[in-house]
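**Student:** Mind having a look at this structure? Questions to follow.
The values are calculated or read from the model by the stated rules, or taken from the named source; none is laboratory data. Please read all numbers here as calculations on a predicted model, not as lab measurements. Don't worry about glycine lacking a Cβ; one is built from the backbone with ideal geometry, like all the others, and counts go over all protein chains shown.
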Amino acid sequence: MNNSSASMSLTVPQSGSIEAYRSSAYSIPMLSAEREHELATQLFNEDNLQAAQELIMSHLRFVIHIAKGYAGYGLPQADLIQEGNVGLMKAVKRFNPEVGVRLVSFAVHWIKAEIHEFVLKNWRVVKIATTKAQRKLFFNLRKNKKRLGWFNQDEINNVAETLGVSTKDVLEMESRMSNQDQAFDLTSDDDDASAGSFSPAQYLEDKQSDLATSVENENWEAQANKRLSNALVTLDERSQNIIRTRWLDDTKSTLQELANQYNISAERVRQLEKNALGKLKLSMA
């Protein structure tokens, strides 16, 4: 196993060192489809914990990628990543390599499920007791309330005077404390959807994006770039420059410009380019 993956902890730091964690996660090489299948088979058939560790560590970058999508809830990224890691471990444990999909496509649903649960446990649309006056109200309002239901104006004035807060604060806290929690998912008994009912599950996730596909595309692109970089270094310096300036740079060079640079004919540059592309194709196959 890669040394960095063997030594890196799954515990996400709560301080600024989360950047070091992120850097470490992205330094762990991604697995080829063949290696992933080999490790998953070892885990599935032999309960090989070393294989499980390598599968988990090589996919930490994807947990970070998914956790970024939940940054808008005001929760620490370290906590979101930590919960996503729990989902990743559950996915690795349940992954069947014979199903015919990559682990990331299978794991993304487990990762998101753990993050969803964490968000719902730790975040509400309206935060209760965010100021000193509100905290005083929160802990004293119920014992000052003499009946169920909403306050009348006299009761509002009395509570405000007793607790030394404004009537506006009393009304705001009463409204917040009267809010009822809502089920995450609509159940089979919820038949009034046409009347405007909804569940948070319908809105927590951005359904316009396909995280599994985007993560797999990112995986493929990173692997392709790595293979291309490795293949380029096998070429001589002139061939490397021809490929870079003809295909990779933002501003492309023409055959004639390269011919002038190397004092050869444009046709010779074209031949060198063709030969270099052939070598790259063989190296990346």
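**Student:** Can Ala212 be described as surrounded by 12 or more Cβ atoms within 10 Å (Cβ to Cβ), among the small types (Gly, Ala, Ser), touching a Phe, Trp or Tyr at 6+ places or on another chain (Cβ under 9 Å) and modelled with pLDDT of 55 or more?
**Tutor:** Values: surrounded by 12 or more Cβ atoms within 10 Å (Cβ to Cβ): yes; among the small types (Gly, Ala, Ser): yes; touching a Phe, Trp or Tyr at 6+ places or on another chain (Cβ under 9 Å): yes; modelled with pLDDT of 55 or more: yes.
So Ala212 passes the test.
**Student:** Just wondering, is there one or more residues in segment 83-99 that are basic (Lys, Arg) and buried (at least 20 other Cβ atoms within 10 Å of the Cβ)?
**Tutor:** First pass over segment 83-99, keeping only residues basic (Lys, Arg): 90, 93-94.
Cutting the leftovers down to buried (at least 20 other Cβ atoms within 10 Å of the Cβ) gives us none.
Within segment 83-99, none of the residues are basic (Lys, Arg) and buried (at least 20 other Cβ atoms within 10 Å of the Cβ).
**Student:** Then there is this: In this structure, is Glu114 outside the structural domain of Glu174 (by TED's automatic domain parsing), in a helix (DSSP H, G or I) and at pLDDT 80 or above?
**Tutor:** On the way: outside the structural domain of Glu174 (by TED's automatic domain parsing): yes; in a helix (DSSP H, G or I): yes; at pLDDT 80 or above: yes.
Answer is yes for this residue.
**Student:** Those residues that are in contact (Cβ under 8 Å) with a residue 60 or more places away in the chain, within 16 Å of Leu88 (Cα to Cα) and assigned to a helix (DSSP H, G or I), I need them from segment 25-50; list them, please.
**Tutor:** Glu36, Ala40
**Student:** Could we say that Gly164 is at pLDDT 75 or above and outside the structural domain of Met57 (by TED's automatic domain parsing) here?
**Tutor:** In short, yes.
**Student:** Within segment 233-259, take every residue that is assigned to a helix (DSSP H, G or I) and of a type in the set (Lys, Arg) and give me the one that is nearest to the chain's Cα centre (by Cα).
**Tutor:** Arg244
**Student:** Shifting gears a bit: Can you tell me how many residues within segment 35-92 are within 19 Å of His116 (Cα to Cα) and of a type in the set (Ser, Thr, Tyr)?
**Tutor:** 2
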